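The values are calculated or read from the model by the stated rules, or taken from the named source; none is laboratory data. Just so you know, these numbers come straight off a predicted model, no measurement behind them. Please note: Cβ atoms are built from the backbone with ideal geometry, for glycine as well, and neighbour counts cover all protein chains shown.
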Amino acid sequence: MNPSDRQQSNGDPSHGRDLGSRPVSRRGVLAGAGTLAGLGALAACGAGPPAALASSSSVGPNSPQVARFAAAHARSGAPVRDYALTTRPEQVDLGITVPTWTYGTGTVPGPLLRGTTGDQLRVALTNQLPTVSPDGAPSGTSVHWHGLAIRNDMDGVPDVTQPAIPAGTTATYQFTLPHPGTYWYHSHDGVQRDRGLTGPLIIDDPAEPGHYDAEFIVVLDDWIDGIGGATPAGVLADLHRAGMRMDMGSMGSMMGGPTSAVGGDGGDVDYPYYLVNGRIPDAPTVFTARPGQRARIRVINAAADTAFRVALGGHRLTVTHADAYPVTPATVDTVLLGSGERYDLLVYLCDGVFPLVAAAEGKTGGARALVRTSPAAAAPPAGLVPAELGGRLLGYADLHADPSVVLPGRAPDRTHQLVLTADMGRYVWMINGRTFDQRQPLPIREGERVRLEFVNQTMMYHPMHLHGHTFALRDPSSSGRPDGARKDTVNVLPRQTVAVEFDADNPGQWLTHCHLAYHEAAGMMTVVSYQA
Ligand SMILES: [Cu+2]
């Protein structure tokens, strides 16, 4: 890789407003205050958090604690990586041409954003979406930087860390790039990310050992927007109207029938297309390298509703990073990624043309790209299913944090259970019996070791994501394997409990939620809330 190839300085942020100087909406502040009053009442009758919290206050995105975090992580003289993104309706060529909403480059996914740990990333976001979206709501937008431990006021969650950016305006995000690795960005407004509002974000390691010759960035997606007039807002409305389908997948699972690695139900939406780097299987992206080269394949699942099982025909995969953080290398045939998950794979390339396949887990169909190391070789047929897809599948038990990133053993100061449930009739998804608009934030304090236990009482898996932190996977049956992988998104299978732990070192208000876009929009989100 030649760093000078990277796209830079394409932005003009001078006219933008600085998000950091904007007050959070009154609505957001009031939501916090109401929550605290509720906590006080609960504590008084013995059912709530420790009484000490009842008199404390939330650490908001504009608090001095957040400014202190930002100052502590800034490096003086650090280069500024400038980008401009413009959300707007565009026609995009996926191999078929569809109308969608993009970040302004006429492509899906959006442009690659890239810098080195310690650099400042500055992104001017101009919202040129139609003033009113198809569901009748104002087309505000925001950008969330998935997996990045950055200052809370730049996290991009409407009404939690910032007001939505109204159509016709520009706002600027700026923050220090944290831990190196494979990340991505996407709209965090409603179900906008099931359009084209996603993109890859790579943070390079200033001490990168560079044990690879080629790099392939692989963005996986499921696609329905613009097909036969479909929109994500319309899909969500249909789901609410129909209620949760009791399809043969979940029935089969309950009756011991065919299941997938995510349980019997692979998702709520049947997508007409699955994409690698914005291309349908008949018009695939082609990655080129030379035989014998080592390729670092950065796989990002940017799908709204689909888990993908990924394999490269004729090759084994050595997993080197999970959700940006290094793991002890594990060699398998295939990996499964829930929405939001990333794996970095090291592959020694053979001579020929090979299908890089992402099968939609628990669904029908999939995406593919080609890896070509021989100019003359004939491409494999579009429907070819590599044997590796049925081979040894990576599991979380295979993942051990690299010693450099092990979360040291420590007894948790605080444990929160997040019980995941559904209202089958209304297509409503909840955490602790509440939808997001009814949420009771989960209080924590800076400096604590926090344990979250995701208790899935539904018949469907949920890829649970925490903003602003990279937790460690812990075995639920004990105090925890000491070297569980560091991740920010974890698949919690039907009827399963998964425990994770993190150090509360990034003050603010942080969303935690199911990363299936339609579960998220139907309520399965809450806030981990730092208290002063
Ligand atoms: Cu979910």
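Inclusion of residue 532 among residues that are away from the ligand (no atom under 16 Å from the Cβ), hydrophobic (A, V, I, L, M, F, W, C) and surrounded by fewer than 24 Cβ atoms within 10 Å (Cβ to Cβ) is warranted. Residues in region 505-528 that are over 20 Å from the mean Cα position of the chain (by Cα) and surrounded by fewer than 24 Cβ atoms within 10 Å (Cβ to Cβ): 1 in all. Would you be able to say whether some residue in region 505-522 is closer than 20 Å to residue 411 by Cα and at pLDDT 95 or above? So far as region 505-522 goes, yes, one or more of its residues are closer than 20 Å to residue 411 by Cα and at pLDDT 95 or above.
Of everything listed in (1) in contact with a Pro (Cβ under 9 Å, 6 or more places away or on another chain); (2) in a helix (DSSP H, G or I), the single unmet condition for residue 451 is (2). Pairing each residue of region 380-397 that is under 26 Å from residue 282 (Cα atoms) with any residue that is loosely packed, with under 12 Cβ neighbours inside 10 Å and not aromatic (Phe, Trp, Tyr), provided the two are 6+ apart or on different chains, yields C-beta distances under 9 Å for 382/282. Residue pairs whose Cβ atoms lie under 6 Å apart, sitting 6 or more positions apart in sequence or on different chains, and linking a residue in region 262-277 that is buried (at least 22 other Cβ atoms within 10 Å of the Cβ) to a partner that is among the charged types (D, E, K, R) and in a strand (DSSP E or B), are 271/222; 274/222; 275/221.
Residue-wise test of (1) more than 22 Å from residue 335 (Cα to Cα); (2) away from the ligand (no atom under 16 Å from the Cβ).
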residue	(1), (2)
422	yes, no
425	yes, yes
436	yes, no
441	yes, yes
448	yes, yes
482	yes, yes
490	no, no
493	no, no
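Listed by first and then second residue, the pairs linking a residue in region 446-468 that is under 18 Å from residue 160 (Cβ atoms) to a residue that is of a type in the set (A, V, I, L, M, F, W, C) and within 11 Å of the ligand (Cβ to nearest atom), with Cβ atoms under 9 Å apart and 6 or more places separating them unless they lie on different chains, are 452/464; 464/420; 464/454; 464/492; 464/514; 464/524; 465/514.
Before we move on, is residue 149 part of a loop (DSSP other than H, G, I, E, B) and over 22 Å from the mean Cα position of the chain (by Cα)? No; evaluated as a whole, the condition is false for this residue.
Taking residue 40, is it modelled with pLDDT under 95 and not assigned by TED's automatic domain parsing to the domain that holds residue 225?
Details: modelled with pLDDT under 95: yes; not assigned by TED's automatic domain parsing to the domain that holds residue 225: yes.
Considered against the rule, which asks whether it is modelled with pLDDT under 95 and not assigned by TED's automatic domain parsing to the domain that holds residue 225, residue 40 comes out as yes.
With the structure loaded, tell me whether residue 466 is within 23 Å of the chain's Cα centre (by Cα), aliphatic (A, V, I, L, M) and farther than 24 Å from residue 524 by Cβ or whether it fails that test. So residue 466 does not fit the description; no.
Rundown of residues vs (1) within 16 Å of the ligand (Cβ to nearest atom); (2) surrounded by 15 or more Cβ atoms within 10 Å (Cβ to Cβ), yes/no style:
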| site | (1), (2) |
| --- | --- |
| 394 | no, yes |
| 405 | no, yes |
| 412 | no, yes |
| 416 | no, yes |
| 428 | yes, yes |
| 433 | yes, no |
| 460 | yes, yes |
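Looking across 172, 141, 176, one residue alone is of a type in the set (Ser, Thr, Tyr) and out of contact with any helix residue (DSSP H, G or I) (no Cβ under 6 Å at 6 or more places or on another chain). It is 141. Quick one: in region 462-480, of everything that is under 27 Å from residue 159 (Cβ atoms) and either of a type in the set (D, E, K, R) or outside any strand (DSSP E or B) (or both), which residue is nearest to the ligand (Cβ to nearest atom)? Here the residue is 467.
So, in region 501-524, how many residues would count as being among the aliphatic types (A, V, I, L, M) and more than 10 Å from the ligand (Cβ to nearest atom)?
Going residue by residue through region 501-524, those that are among the aliphatic types (A, V, I, L, M) are 504, 511, 516-517, 521-522, 524.
The next check asks that each one be more than 10 Å from the ligand (Cβ to nearest atom); those that pass are 504, 511, 521.
Count: 3.
When every residue of region 115-137 is checked against the conditions, at least one turns out to be among the charged types (D, E, K, R) and part of a strand (DSSP E or B).
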